[in-house]
Structure formats: structure tokens, C-alpha cells
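Let me begin by presenting the structure, written as C-alpha cells, before commenting on it.
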Amino acid sequence: MRWNPFAGAYLADPAQVWRELLDSPGGVHHDEGLGLWLITRHADVRRALGDTESFGNALTLAPVYDVCPEAMAVIMQIDAPPTTAAADPPVHPRTRRALRATFANTADRVEQRYGAIVRRRVDELVSRLAARAGQQVDLVPEFTTELPLLVLLDLLGVPEWDIARIRAWADGQIALVWGRPEPAEQVRLAQGLLDFWRYCQQLVRDRLDSGRSGDGYVDQLLAYRNGDDEVLTVAEVSSIVFNLLVAGHETTAGLLAHALDQALADPDRWRAMAAEPHRVPGFLTETLRFAPAIDGWLRVTNRPVALGGVTIPAGARCLLLIGAANRDPAVFAHPNRFDPERADANDHLSFGHGPHFCIGAALARLEAGIALTRLAAAVPGLRPAPGHRRSYQPNVAFRAHRGLPVVVDTAVPAVQRPAA
């Protein structure tokens, strides 16, 4: 089939393409244009995520197209060592231990360590939105993107006045690696990525030079390192911060935008956010399955791999279509129906699987859950702006809304009763 992730139907409803890929024999396809092997079925995607001997991470953060020489010259100056998404053993187990020791990654620990920060930031943004009653607002720049970035800056101890350029740098990395920008734009984005890396290096260097120990996440990483390069090098600390400032907010922003999109599509769902907050965790789980923030992820084969009746050669780049795997009818009943009450939603792969399972999953759930319930309580009449049509950024990995325009209405909407 003809698959174009950068234009056409894929930018409005990728599920149409996922259905065709899942229905075709084998569920494994080679895309000549991108030079990628597309892996779609749940069992195969799950295997690729968990089998680190067959599927490596060395090219996970390498652009999915041939970068122009001028941009490549800039990219080659970024000497960030692999620590998280792009790391393989033996580096990844060591850096993963550092993350587990320093970053709260269970529901209880996340609530205890970060709950107050999240609630304060949610309340600030919700109050700002509620004050704009009667106006049309785009929730993507004004809420879904800003909240997780503000929380992350609080955790890392980054000045709030840097929020605009960090957001631009993070968006730029996603466009540079998983998009398809023109050569001049490649150069601009590459320079931004280099500036971003130098910013993270300076942030860590300033903490080291200050000689003071604080309670921010950078301080915790440096305390864990305790001056021992065999535990973590200073460059690896900078690299972890570099990766968190992208993955730590872009994925949560996507989850929150998708959840709001699904909730606002049905007034009854939106009312339930405030009236029945105990249902919100299940709603978020189904959102993760139905509309993952990352619906494709890259791996490279370390050896020939037999999947779906074909053999993928060694050294091949594979795009694991998580969005398609989450709609696999072999695993999910009525996979194309959004159903917060479904029993099989927890089988989604949106936080990954295996040794690279998302370290920030619990924090993302906490942020999205608090944001949904408090926004619904404060703005019960929030509704999509007239004429809005869903559209996503052109990208093979991050499923990000171009916009989510809404009308702010703090009045409680009348319950629609069926005619007698």
C-alpha cells in the first residue's frame, strides 16, 4: 500500500492506514521511500520492544531521512552520549539504574514527590483559562503543552523564563529527527538542537560550579553520581537532562491533548470528568490505547529477524507502529471503538515494553488526571470551537495535535434528554 506519514489522510486519521496495514498479510512491510520496515501487529511490536539482542537502539534518535551536509555538519558537533532511548547494554542498564534511583516512577512516589507541584501548576493554568470565559482558546499552546513543561522545569530547577526557547528546541528536535523538513529548515533545526545541548551542559556545569546541593532533579543526579564517572559521567548527566526536557514533556502533552480531544467530543464524557473522577484513570488508559502520543518508534536490527513471514535483514531500520499495534483485533475487542470501560485497554504498548518502558509513565498519568478533573470542574461548559477539524503534525513518531481550539464556558451545560 502507499503510506505517507507526512501528508494526506495520515495527518487527519492515521487509524485508516493502520487498519489497512493490519489487514494485509504478515503485518510487516518495507517502505521503499523511507527505507523503513513497518511492524504493525501487537505481538511483533511487543517482541521488538523487549528483545534487545535482536533490536537495538543505536539509530533511535537518528533522522529518518538523508540529512543535508550542512545540517549534518552541525549535528556532528552534538557530542551527547547515549543514555536513555538511544542506549544499548551495557550503557543502558547503568543509566537506567540512575533513573530508577533518582526519578520517582511509581504512583505513590510520584504523588508524594511531585503531587503538590503538579496541582499548583494545574491550578494556575486552569484559573487563567477560566478567566477567559466566552473566548476561543487553543488548548495546545495554552494548556496541554505548557503544563508538562512547567512541571518539568520545576523538577529540574530550570528558570521559567527559558520556557519558550526550551519548547522551541524540543519541538525542533522532533521535527528534525522524525519529520521531513526542507534543507534550509534542517540547518536551522540542527543549530537549535546544538544550542539545546549546550544549554543542558551549562545547566549541569552551573550546578557543579555552585558547590551547593539542592533538591532539584539535576542535584539528585549529581548526588547519585557522587563524583564517580563509572556511575555516571558529567556528560551523561547532561544527556539525561537533554532527553528528559524533550521526552518528559512532549509525551505528556500529547496524552493530555488526546484525552481532552476524546473527552470534549462527547458532552457526557466531559461532565463525567468532574462528576466521577474515579473513572478518569480508566479513561486515560483507553486514551493511551486509542490515541497514543507516540504512535511509532524506531529500532535497528542487530541480526536477521523473521517476523510476519518475512526476514528483516541485519542493520535494517524498523518503525514499530505502536498506534497500529494498539488497534490489533487479535488483542483488542472492537479495536476502533473508544471505550473507557473496556477490559483489555491495559494491554496497550504506548509506554513501551521491556527495559525501555517509560520511566515517566506514572508522572504523565498524574498530570493528565489532575488536569482533566480540575479543568472540567472549573470550566464545565468547555466545548470544541465550531468548525474545528482534527489534524496532526507531520511526523512518524509523535502524534501531536496542530491545535485544539475550544470555547471557554464556565456555565454548567444543560443535560440533553432524549425526546419522549
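How many residues does the range 226-237 hold that are open to solvent by 30 Å² or more (accessible area, probe 1.4 Å) and more than 13 Å from Trp197 (Cβ to Cβ)? Qualifying residue count, the range 226-237: 8. Within this structure, Pro335 passes the test of being free of Cβ contacts under 8 Å to residues at least 24 places away in the same chain, part of a loop (DSSP other than H, G, I, E, B) and open to solvent by less than 40 Å² (accessible area, probe 1.4 Å).
Note on the range 152-195: among residues that are open to solvent by 50 Å² or more (accessible area, probe 1.4 Å) and closer than 29 Å to Ala104 by Cα, the one that is nearest to the chain's Cα centre (by Cα) is Asp171.
Residue check: Ile240 meets all listed conditions (1) crowded, with 24+ Cβ neighbours inside 10 Å; (2) modelled with pLDDT of 90 or more; (3) touching a Lys or Arg at 6+ places or on another chain (Cβ under 9 Å) but one, namely (3). Checking each residue in the range 75-92 for being surrounded by 15 or more Cβ atoms within 10 Å (Cβ to Cβ) and free of Cβ contacts under 8 Å to residues at least 12 places away in the same chain picks out only Val91. Every condition in (1) in contact with a strand residue (DSSP E or B) (Cβ under 9 Å, 6 or more places away or on another chain); (2) under 29 Å from Asp195 (Cα atoms); (3) of a type outside the set (S, T, N, Q); (4) modelled with pLDDT of 95 or more is met by Ala85 except one, and the failing one is (4). In the set (1) in contact (Cβ under 8 Å) with a residue 24 or more places away in the chain; (2) of a type in the set (A, V, I, L, M); (3) out of contact with any Phe, Trp or Tyr (no Cβ under 8 Å at 6 or more places or on another chain), Ala316 fails one condition alone, (3).
Taken together, the residues in the range 178-207 that are touching a Ser or Thr at 6+ places or on another chain (Cβ under 9 Å) and among the β-branched types (Val, Ile, Thr) amount to 1. Among the residues of the range 23-41, those identified as open to solvent by less than 20 Å² (accessible area, probe 1.4 Å) and either aromatic (Phe, Trp, Tyr) or not in a loop (DSSP other than H, G, I, E, B) (or both) are Val28, Leu36, Leu38, Ile39. In the range 43-56, how many are outside any loop (DSSP other than H, G, I, E, B) and open to solvent by less than 20 Å² (accessible area, probe 1.4 Å)? Summing the residues that are outside any loop (DSSP other than H, G, I, E, B) and open to solvent by less than 20 Å² (accessible area, probe 1.4 Å) in the range 43-56 gives 5. Residues that are free of Cβ contacts under 8 Å to residues at least 60 places away in the same chain, open to solvent by 60 Å² or more (accessible area, probe 1.4 Å) and basic (Lys, Arg): does the range 114-123 have at least one? Yes, because at least one residue in the range 114-123 is free of Cβ contacts under 8 Å to residues at least 60 places away in the same chain, open to solvent by 60 Å² or more (accessible area, probe 1.4 Å) and basic (Lys, Arg).
Residues in the range 374-407 that are open to solvent by 60 Å² or more (accessible area, probe 1.4 Å) and charged (D, E, K, R) were compared, and the one that is nearest to Arg180 (Cα to Cα) is Arg402. Ser350 fulfils the conditions (1) touching a Leu at 6+ places or on another chain (Cβ under 7 Å); (2) open to solvent by less than 10 Å² (accessible area, probe 1.4 Å); (3) polar (S, T, N, Q) except for a single criterion, (2).
Specify which of the listed residues (Ala306, Ala330) is without any contact (Cβ under 8 Å) to a residue 12 or more places away in the chain, farther than 20 Å from Asp261 by Cα and not hydroxyl-bearing (Ser, Thr, Tyr).
Going through Ala306, Ala330 in turn, just one is without any contact (Cβ under 8 Å) to a residue 12 or more places away in the chain, farther than 20 Å from Asp261 by Cα and not hydroxyl-bearing (Ser, Thr, Tyr): Ala306.
No other residue among Gly309, Gly315 is of a type outside the set (D, E, K, R) and open to solvent by 60 Å² or more (accessible area, probe 1.4 Å) apart from Gly309. One residue stands out in the range 57-67 among those that are open to solvent by 20 Å² or more (accessible area, probe 1.4 Å) and not small (Gly, Ala, Ser): the one that is nearest to Gly360 (Cα to Cα), namely Leu61. With respect to the conditions (1) open to solvent by 20 Å² or more (accessible area, probe 1.4 Å); (2) in a helix (DSSP H, G or I); (3) among the β-branched types (Val, Ile, Thr), Thr95 falls short on a single one, namely (1).
The values are calculated or read from the model by the stated rules, or taken from the named source; none is laboratory data. Owing to the predicted nature of the structure, the values given are computational and were not obtained by experimental measurement. With ideal geometry, Cβ positions are generated from the backbone for all residues, glycine too; neighbour counts draw on all protein chains shown. The accessibility values were calculated without ligands, DNA or RNA, using every heavy atom of the protein model including side chains. Shrake-Rupley method; radii C 1.70, N 1.55, O 1.52, S 1.80 Å.
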